[in-house]
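Some notes on the structure that comes next.
The values are calculated or read from the model by the stated rules, or taken from the named source; none is laboratory data. What you are looking at is a predicted structure, and each value in this text was computed from that prediction instead of being measured. Cβ placement follows ideal geometry from the backbone for every residue including glycine, while neighbour counts extend to all protein chains displayed. Please note that ligands, DNA and RNA were not included when accessible areas were found on the heavy atoms of the full protein model with its side chains. Shrake-Rupley method; radii C 1.70, N 1.55, O 1.52, S 1.80 Å.
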Amino acid sequence: MPNRWNHIWLYISRNDLDIEWQQAEQEGKEMATLAAEFERVRALDLEDLSQQPAAAALLDKVGLLPIRNGYRYVEPSDLPGIQAAREEAPRLPPAPRRNAVLEDRVHGAWLGRVCGCLLGKPVEGWRRPRMWGYLKDSGRWPLRDYFSLHVPDATRDKYQLSPQRAFIEQVHCMPEDDDTNYTTIGLAIMKKHGLDFSPVDVANFWLGNVPILHTCTAERVAYRNLSLLICPPHSASFRNPYREWIGAQIRADAFGYVCPGDPARAAALAWRDASISHIKNGIYGEMWVAAMLAAALVTDDLDLILRAGLAQIPASSRLHESIRRVMAWHAEGIGYDDAVERVHSKWDENKSHDWCHTISNVMIVTIGLLWGDLDYELSICRAVQACFDTDCNGATVGSIVGAVLGAGALPGKWTGPVNDTLLTGIAGYNEVRISEMAHETAQLIG
């Protein structure tokens, strides 16, 4: 009889080893000494439980490797180390008192996030030939509306459109998505523990309220580690090839929403959340987004928002360098299409590591913001049309632009289809009103 207790999704796979190799090389580790062992372990049948110790031992060896001489980035994961490596922060307008205007901006951030996520959700995982081919063949290029099933049958067949996906004809609210689950989790943690919550509070909330199969990549590995009593911050790095992937960045938003005008505090809250599952640039992505959101609630100066985010992450990091590079392209007058092509030339969307890494997607978020110029429709469409992690990037860009504009200024074309309703996989929040979530968030602002 087959082994029905064979949970492959908890195993270390050959793909995990390939990702670990890329990740460790990018972190600056000298991998040549382990090349032969990687080949040997990759050749094993890793779906055979008896071979898993060999894979685990290899990941442990990588974890012990030092950073190679001459590596030019300095990337701490501890909060004091990160804060010591920051550049000077720009001055922001004073934080406002909680009032109707501020609550509208928090509502705009929530609603902007939900609708940006919905735009990218049906095409998550699509690479450029498929998405751009669909848009061009259906007369929808460039992207300017939700993705639709209403296309000729030949187009539907060619691009394998599934009615099981969140195409606009299939939705009457915002369906469950990890991007909005984590915003809900952030709010729930702060409602329970206040803004003084700890990484252990985050870990315990996950274990008590989030089914493990509702997590992916770094979060699933961290969940497995937590279940084995491997506590934060070690839960982030122990046998975790995904430690710099985008998962932490999509968890940032609630921490920015409760800190209007205070990017440093927002980034510190984001660090407490990110540090249970990510290290280095994986953490910085969440801190950057939270800090930008804190700034976006008090200013409509996009350059100031971006610089406020940059000021909360190490100036010596790969993430900081990559954001600055995209900002330089925009200042030079590079066109949107050329900017997207430059990202794709550096990060190969056909490799899962490149497709889902924090840095590749941060570059797309920066493009969506800069080339979208705080026009909500243009911003989320440019974030999603660029491919990579479409629902995550649409959500993040939508959240930031929504925070600037406020709910009252968001176009009904985008907000109407969700009918102020969000479904989540979080205990106690299965079906909620987006407006009520925004109101509850605003109540946490000091």
Inset, instruction - Filter region 387-443 down to residues that are touching a Leu at 6+ places or on another chain (Cβ under 7 Å) and closer than 23 Å to G208 by Cα, then give me how many there are. - result: 6
Legend entry - A222, sole failed condition from (1) of a type in the set (G, A, S); (2) buried (at least 24 other Cβ atoms within 10 Å of the Cβ); (3) closer than 27 Å to R433 by Cα: (3)
Legend entry - Qualifying positions in region 14-54 - among the aliphatic types (A, V, I, L, M) and touching a residue at least 24 places away in the same chain (Cβ under 8 Å): L17, I19, A24, M31, L34, V41, L46, L49
Legend entry - Failed condition for V362, given (1) among the aliphatic types (A, V, I, L, M); (2) buried (at least 22 other Cβ atoms within 10 Å of the Cβ); (3) over 14 Å from the mean Cα position of the chain (by Cα): (3)
Inset, instruction - Output the residues belonging to region 30-62 that are open to solvent by 20 Å² or more (accessible area, probe 1.4 Å), outside any helix (DSSP H, G or I) and modelled with pLDDT of 95 or more. - result: A43, L44, D45
Legend entry - L92 being in a helix (DSSP H, G or I), open to solvent by less than 40 Å² (accessible area, probe 1.4 Å) and closer than 30 Å to S379 by Cα: no
Legend entry - Residue check, V106 open to solvent by 10 Å² or more (accessible area, probe 1.4 Å) and more than 15 Å from Q385 (Cα to Cα): no
Legend entry - Top-ranked residue of region 229-273 - restricted to ones that are part of a loop (DSSP other than H, G, I, E, B) and among the β-branched types (V, I, T), ranked as most open to solvent (accessible area, probe 1.4 Å): I230
Inset, instruction - Consider only pairs whose beta carbons are under 6 Å apart and that are at least six residues apart or on different chains; among these, list those whose first residue lies in region 390-419 and is within 22 Å of L306 (Cα to Cα) and at pLDDT 95 or above and whose second residue is crowded, with 21+ Cβ neighbours inside 10 Å and hydroxyl-bearing (S, T, Y). - result: V397/S379; V401/Y376; V401/S379; L410/Y376
Inset, instruction - Of the numbered conditions (1) part of a helix (DSSP H, G or I); (2) open to solvent by 20 Å² or more (accessible area, probe 1.4 Å); (3) touching a strand residue (DSSP E or B) at 6+ places or on another chain (Cβ under 7 Å), V101 fails exactly one; give the number of that condition. - result: (3)
